[in-house]
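Please read the structure below before turning to the comments.
The values are calculated or read from the model by the stated rules, or taken from the named source; none is laboratory data. Quick caveat, the model's predicted, so the values are computed rather than measured. Reconstructed Cβ throughout: ideal geometry from the backbone, glycine too, with neighbour counts over all protein chains shown. In case anyone asks, the SASA skips ligands and DNA or RNA and just uses the protein heavy atoms, side chains included. Shrake-Rupley method; radii C 1.70, N 1.55, O 1.52, S 1.80 Å.
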Amino acid sequence: MYIKKVTKQNKGSNKQYEYLHLVENVRTDRGPRQRLILNLGTLNIPEEQYKELANCIEGQIAGQRPLFSPDPAIERQAKKAVKRILEKRSQDEAFERSQDTGKTSPVFQNVDVASIEANEPRTIGPEYVCHSVWKELQMDEALLSSGVSPHSLPLIEALVVGRLVVPDSELHTWAWAENRSAIFELTGKPLRYSLNSFYRAADIVLKCKDALEAHLSKLEKELFVLPESMCFLDLTNTYLEGQAFSNPKAKRARSKEKRSDCKLLTLALIIDEQGFAKYSHLYAGNQNEGKTLPEMIQSLIGIRPDLAQHRTVIVDAGIATEENVQYLKDNKFHYIVVNRGKANFTPDDTGQMQVVHQDDNRQFKLEATRREKEGEAFLLCRSTGREQKDRSIRTRQEDLFIERLEYYKSGLGKKGHTRDYTKLIEMIGRLRERYPRASKCYDVTVIPDKDVLEKKKKAKAMDIIWEKRHADHFKFDGCYVLRTNLTDMTDQEIWKTYMMLTRVEKAFRCLKSSLGLRPVFHQIEYRSDAHMFISVLAYHILHVIEQKLRSHGDNRSWDTIRDILSTHQRLTIEYDIKEQDTEKTIRYHLNLCSKPEPEQKMIYHRLKLSGMPLGKKYVAVK
C-alpha cells in the first residue's frame, strides 16, 4: 500500500482540488495496475509522512505492530482509515451471522490465542433503547414525508439520540458519534461524517419543526391513548455563551440560572396532563410571559385543530394576566390559573380555611376557602411546605433588614459614616427595595436634628427608629389564589389539577439537565433555534421511555437508566487463524455486542426489546 496525491478540477472552473488516495499495486491481464483502496480526502500531514501513514494502515489491518507509527496524529488518521476500509469490506466481501433469533451451527477454527486483541469499545445500550423508540415514533417516515433526503436521516437521528446519551453541543455530539458510539451501526452509515454535515442536519430539522411536532403529538396520542383534555403552558430561559450579535432573540433579562452576565433565549412549552409535549416555541430572552399565551394557543390549534375546543388551560401567575384570562373566556376554554393578587381575600379569611388534602407520611397539609363570583371560583389555598418557605424567606429578610438598620443607626455617632438626613432616606428606600417582604413588616422613621433645621442648614439625622407592624399580614404566609371557571369541580380537584403544572417544570428540568439545552454556543439565530428544538425532540423520546417503564412500576429517571445501560457495549475482537488446507494465516476482525447484564436485561424486557442490538460481523483480511 502507498499514498498518492490526486489533483482534480471541476468543469467550468479553474480551481483545483487535491486529494490523497490509498492505493495498492495488483497484477491484471493487461499488466500491473493501481487499485484504489480508499479516498482519504484532504489530510493535513507532510508529504514525507505519506509512507509512514500507509505502513501504519497496513499494520493495523494485518495486526503487525512493528508497522505502527509512534506519531499519535498518524496513528489516529490510520485508525480512521482502517475503520472505513473494514466497513467497506464488510459490505462487499464479508459474511454476517446474526444470533438475534434461533441457534447458529458451531464453527471451529485454529485460533492463535496470543494474537487475540479487543479494541474500539463503543457504547450501544442507551443508543439501542433510543433507536427503538425513534423507530416506534416513525421519525424517519415523518422526515421523509417532509422532503428530507434519506442520506440525512442517520445524522438527524444521531443528533437527537446524542442529546439523550451525551447531552452537549453539536460539536461534542459529532465527536461522540465518530469515536465513542455505535450509533451509526444502528442507523446506517451517513453519506458524510463531517462536522458541517451535522450542522446542516440540524438546520433541516428546524425547517420541519411544525410537521414533526404535529406528527409526534398525533402518534403519541394513539400509542398511549392520551385524553389530552388539559394543556399546561410555561416558559423558561437558557443562556448563550458569547455576544451573539447575529441573533436578534439574544437579549439580557433575569436569568433563572443566575447567569446575569449572559444573553438569554426563552423557550415556551405546552404539555398535556401525562407530560407529553404538544408544542414549543422560541422567544427572545426578554420576552414578557403575559404576551405569549394567545400565540402559543393559536399555533397549537394550527397543527392540531382537534384541540381547539373543550380543553382546560393551566398557567402560572406570570402568564395569568386579565387580558389572557379574558382571551380564554372569549375562546370558550376552561382554565385554572394562579390569580395575581389575593382577589379581595382578607387576612381574616385564613381563619375560615378547611383541610382539603392531608398526607401524614409527608407531613403535608393543604387548607382552602372558596368564593364564587360571576361564573368563576376563587380558591385561597395555603400549603404546609409553601408556608414554611415563605416564613423562612421573610425571616431571613427581616434579619438582614434589621441588621442594616442597626448599622445605619450606630454610624450616626461615628466618623466616616453618613448623618445626612436626605441621604439616609434614600439608603433606607433602597433597603426596602432590596428586602420587599421585610419592608412590609416595619415602619421606619428617620428623626432629623431640629436645631439644624431651625438654622436652615443641611439637615442631619439624630436617630433611626423602626417598629414592627400588626401581625395580620403574616397570616398570608404560604397562601395563593387559584382562579377557574370550572365551578362544578371540588376544591381538592381544582388544586390537584393545578399541581399537574409541576410536570412542565419537570420537563424543563429534563431539558436543562439531561438533554443539554444549556448553554447555547451558537451565535446565529437559526442555529440556536435548531439546538433548542433538538432538545425538545429528545424530550419526546425520553418521556416515551420513562412512560413505558412507569407502566411496569419502574419509576427511575432516564439519567439512572442511561448509566445502567452504558456498560452494554459493542467491541471489535481481532485474532489470527490458520487455514488447515493452505497453512495460511488470516487476520479476522469480529464485531459483537457484550452480553447484557441482568439489570440491563430487565430494562430491555420492560421496553419489549430483545437485548441483542446487533448481530456478529466478521471481516477476514487475507
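Quick look at the values:
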| quantity | calculated |
| --- | --- |
| Residue check for ILE586: over 19 Å from ARG163 (Cβ atoms) and at pLDDT below 90 | yes |
| Conditions (1) free of Cβ contacts under 8 Å to residues at least 24 places away in the same chain; (2) closer than 30 Å to ALA317 by Cβ; (3) open to solvent by 50 Å² or more (accessible area, probe 1.4 Å): number failed by LYS414 | (2) |
| Count of residues meeting criterion [outside any strand (DSSP E or B) and under 24 Å from ARG192 (Cβ atoms)] in the stretch 20-49 | 4 |
| Residue match in the stretch 597-612 (condition: under 23 Å from the mean Cα position of the chain (by Cα) and under 30 Å from PHE224 (Cβ atoms)) | yes |
| Matching residues, the stretch 132-145, being in a helix (DSSP H, G or I) and open to solvent by less than 60 Å² (accessible area, probe 1.4 Å) | SER132, VAL133, TRP134, MET139, ASP140, ALA142, LEU143 |
| Residue selected from the stretch 174-232 under the condition aromatic (Phe, Trp, Tyr), assigned to a helix (DSSP H, G or I) and more than 18 Å from ASP140 (Cα to Cα), by the criterion farthest from the chain's Cα centre (by Cα) | PHE224 |
| So ALA284, is it more than 19 Å from SER217 (Cα to Cα), among the aliphatic types (A, V, I, L, M), over 28 Å from the mean Cα position of the chain (by Cα) and open to solvent by less than 40 Å² (accessible area, probe 1.4 Å) | no |
| Test: residue in the stretch 546-560 that is without any contact (Cβ under 8 Å) to a residue 40 or more places away in the chain and either assigned to a strand (DSSP E or B) or surrounded by 16 or more Cβ atoms within 10 Å (Cβ to Cβ) (or both) | yes |
| Among the residues listed as ARG396, ARG404, ARG382, ARG391, the single one being open to solvent by 40 Å² or more (accessible area, probe 1.4 Å) and under 17 Å from LYS475 (Cβ atoms) | ARG391 |
| Matching entry among LEU269, LEU282, LEU293, LEU233 (being farther than 26 Å from ASN485 by Cβ and either among the hydroxyl-bearing types (Ser, Thr, Tyr) or touching a strand residue (DSSP E or B) at 6+ places or on another chain (Cβ under 9 Å) (or both)) | LEU282 |
| Count of residues meeting criterion [part of a strand (DSSP E or B) and of a type in the set (Gly, Ala, Ser)] in the stretch 9-19 | 0 |
| Qualifying position, being over 15 Å from ILE534 (Cβ atoms), open to solvent by less than 60 Å² (accessible area, probe 1.4 Å), hydrophobic (A, V, I, L, M, F, W, C) and in contact (Cβ under 8 Å) with a residue 60 or more places away in the chain, among VAL148, VAL129, VAL165, VAL160 | VAL129 |
| Odd one out for THR369, checked against (1) free of Cβ contacts under 8 Å to residues at least 12 places away in the same chain; (2) in contact with a Leu (Cβ under 6 Å, 6 or more places away or on another chain); (3) β-branched (Val, Ile, Thr) | (1) |
| The stretch 364-404: number of residues that are assigned to a strand (DSSP E or B) and within 30 Å of ARG434 (Cα to Cα) | 4 |
| Qualifying residue in the stretch 592-601 (condition: surrounded by 15 or more Cβ atoms within 10 Å (Cβ to Cβ) and either in a strand (DSSP E or B) or touching a strand residue (DSSP E or B) at 6+ places or on another chain (Cβ under 7 Å) (or both)) | yes |
| Number of the exception - ARG254 against (1) open to solvent by less than 40 Å² (accessible area, probe 1.4 Å); (2) under 22 Å from LYS512 (Cβ atoms) | (1) |
| Top-ranked residue of the stretch 377-395 - restricted to ones that are modelled with pLDDT of 90 or more and small (Gly, Ala, Ser), ranked as farthest from GLY351 (Cα to Cα) | SER392 |
| Only one of ALA308, ALA343 that is closer than 30 Å to ARG371 by Cα, free of Cβ contacts under 8 Å to residues at least 24 places away in the same chain and out of contact with any His (no Cβ under 9 Å at 6 or more places or on another chain) | ALA308 |
| Qualifying residues in the stretch 172-203 (those that are touching a residue at least 60 places away in the same chain (Cβ under 8 Å) and not acidic (Asp, Glu)) - the one nearest to PRO150 (Cα to Cα) | LYS189 |
| Residue that is closer than 30 Å to GLN60 by Cα and of a type in the set (Val, Ile, Thr), where the choices are ILE573, ILE564, ILE534, ILE545 | ILE573 |
| Scan of the stretch 13-62 for residues that are hydroxyl-bearing (Ser, Thr, Tyr), more than 42 Å from the chain's Cα centre (by Cα) and either surrounded by 10 or more Cβ atoms within 10 Å (Cβ to Cβ) or at positive phi (or both), ordered by number | TYR50 |
| Test for VAL6: is it part of a strand (DSSP E or B), under 22 Å from HIS589 (Cβ atoms) and either modelled with pLDDT of 85 or more or among the aromatic types (Phe, Trp, Tyr) (or both) | no |
| Whichever residue in the stretch 233-251 is within 19 Å of the chain's Cα centre (by Cα) and of a type outside the set (A, V, I, L, M, F, W, C) and, among such residues, is most open to solvent (accessible area, probe 1.4 Å) | GLU241 |
